[in-house]
Structures are given as structure tokens and as C-alpha cells.
Amino acid sequence: MPSSADPVASAAAVARSLVEFGVSTIHEALGRRGLMNGLHLLIGSAFAGPAVTVSIPAGDNLGIHAVFRDAPAASVVCIASFGQGAFGVLGDLLQAAARARGLAGLVIDDGIRDVAQLVAPPSIAARGISARGTQKRRVLGIGVPVPLGGVLIRPGDWIVGDRDGFCVVPA
């Protein structure tokens with residue numbers, strides 16, 4: 001068991017335990033709270049990590065570029081978008097940037113693109129797939145509470161995702 005003096009090892013142990021329990025069990029243990037709606041694990045396998053949040057306007061992915069600059073390794077970037085799945089806000093280039101940062105997962109309240117080229121890590125959950133491109137003009141917020149899949153996610157909450165769904169464990 002990792003020492004509490006080693007926060008990186010402790011966080012990795014927490015992430016492994018959450019993945020082993022799985023979303024269904026965690027959702028039940030939380031009193032059936034925190035389950036996100038409308039998202040699907042499209043790339044990769046089960047993941048867990050602390051949330052890093054960003055809110056972007058519909059059809060604009062500048063905020064994703066910005067949040068990746070400082071997102072710590074093993075975190076889960078939660079991207080709230082007003083696009084409702086109409087835009088491919090993340091593709092192969094942004095996923096390569098996420099992989100270089102060592103992110104555990106991406107949870108996107110919009111679509112992804114370049115699907116044939118996307119290979120985990122990190123795992124990607126999204127509303128669906130859309131070839132429709134984006135602009136890079138505005139960011140609504142980074143490191144702020146965001147609604148995603150009908151659940152409010154705060155920076156530092158733990159996000160757990162698998163083929164059953166996605167759940168928020170409050171920090």
C-alpha cells in the first residue's frame with residue numbers, strides 16, 4: 001500500500017481501486033447519484049482520475065488547447081460544451097497532446113472526430129462522432145465547476161468511466 005507521504009502513488013492506488021469497483025458499483029454506493037447521461041466510452045478502456053475542467057462554446061475548441069497546457073498527468077479532463085454532439089471538438093492532434101501530458105481520460109459533452117486515427121491512451125468518452133470542425137476563438141472557463149452529462153463536476157472531483165457509464169465521486 002502506498003505511503004500517504006507519496007501523493008502520486010496514493011492517487012494511482014485510488015484510481016486503480018475505482019476502476020476495479022466499476023461505475024455501476026460506485027453509482028450504487030453513492031446513493032445512485034453522480035451518474036452522467038448521454039456519454040459513451042468511444043476510445044480506450046476503463047479509467048479514473050481527478051477532474052480538470054473546462055467550459056467551451058459550441059463549435060470552438062480553444063479551451064481544450066488551453067486546458068491541456070497545465071493539466072496534470074493522470075487527471076481526467078472534463079470538457080463541457082454547448083455543442084451537444086454537433087461538433088468534433090477533439091481529433092487526432094488534440095489526443096496526441098493529451099497523450100503527451102499523460103492524461104488518464106477525456107470526458108467530452110460534444111463529439112469527436114478522426115476516429116480511425118484515435119488510439120488510447122488516453123481513453124475518450126463523448127456524446128458521439130462528428131466530422132464538423134471547430135474554431136479557436138473563445139474559452140468560457142477553466143478550472144470552474146461545469147455541467148457535464150447532467151451532473152455538476154468540480155475541479156478535483158474523481159471521475160470514473162467504463163463501458164457501463166461515467167460517474168462523479170465528489171472530492
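The values are calculated or read from the model by the stated rules, or taken from the named source; none is laboratory data. This structure is a prediction, so every number in the text was calculated from the model and none was measured. Glycine also receives a Cβ, built like all others from the backbone with ideal geometry; neighbour counts cover every protein chain displayed. Please note that ligands, DNA and RNA were not included when accessible areas were found on the heavy atoms of the full protein model with its side chains. Shrake-Rupley method; radii C 1.70, N 1.55, O 1.52, S 1.80 Å.
Considering only alpha-carbon pairs that sit under 8 angstrom and 6 or more positions apart, the relative contact order computed for the chain is 32 percent.
Please give me, ordered by residue number, the trypsin sites (Lys or Arg not before Pro) of the range 1-110 that lie in loop per DSSP and have at most 16 other Cβ atoms within 10 Å.
Here the sparse-neighbourhood loop sites are Arg32, Arg33.
Can you give the local net charge around Gly85? Use residues other than it whose beta-carbon is closer than 14 angstrom to its beta-carbon, Lys and Arg +1, Asp and Glu -1. Summing Lys and Arg as +1 and Asp and Glu as -1 gives +1.
Considering only beta bridges that DSSP places wholly inside the chain, some 50 percent are antiparallel.
Average accessible surface for the range 43-130: 34 Å² per residue, computed with a 1.4 Å probe over protein heavy atoms with every protein chain in place.
Relative contact order for the range 25-121: what is it in percent, counting Cα pairs under 8 Å that are at least 6 residues apart? Relative contact order here is 29 percent. The chymotrypsin sites (Phe, Trp or Tyr not before Pro) of the range 71-171 include none that meets both criteria, a DSSP state outside H, G, I, E and B (loop) and at most 11 other C-beta atoms within 10 angstrom of the site's C-beta. Counted as membrane-span-like here are DSSP H helices of the chain whose alpha-carbon atoms extend 18 Å or more along the helix's own axis and whose Kyte-Doolittle mean is 1.0 or above; these are 7-21. Globularity index of the range 91-165 is 1.14 (Cα radius of gyration / 2.2 N^0.38 Å, N = number of residues). Ordered by solvent-accessible area of protein heavy atoms (1.4 Å probe), largest first, the residues His40, His65, His27 come out as His40, His65, His27. The relative contact order of the range 95-171 comes to 20 percent, based on Cα pairs under 8 Å that sit 6 or more residues apart.
In debye to the nearest 20, how big a dipole does the range 66-141 give about its Cα centre with +1 on each Lys and Arg Cβ and -1 on each Asp and Glu Cβ?
Working: 9 positive and 5 negative charges, 45 e Å.
Rounded to the nearest 20 debye, it is 220 debye.
Among the protein heavy atoms of the range 1-102, carbon and sulfur supply 58% of the accessible surface, probe 1.4 Å, non-protein parts ignored. Of Val169, Val19, the order by accessible heavy-atom surface (1.4 Å probe, DNA, RNA and ligands excluded), from most exposed downward, is Val19, Val169.
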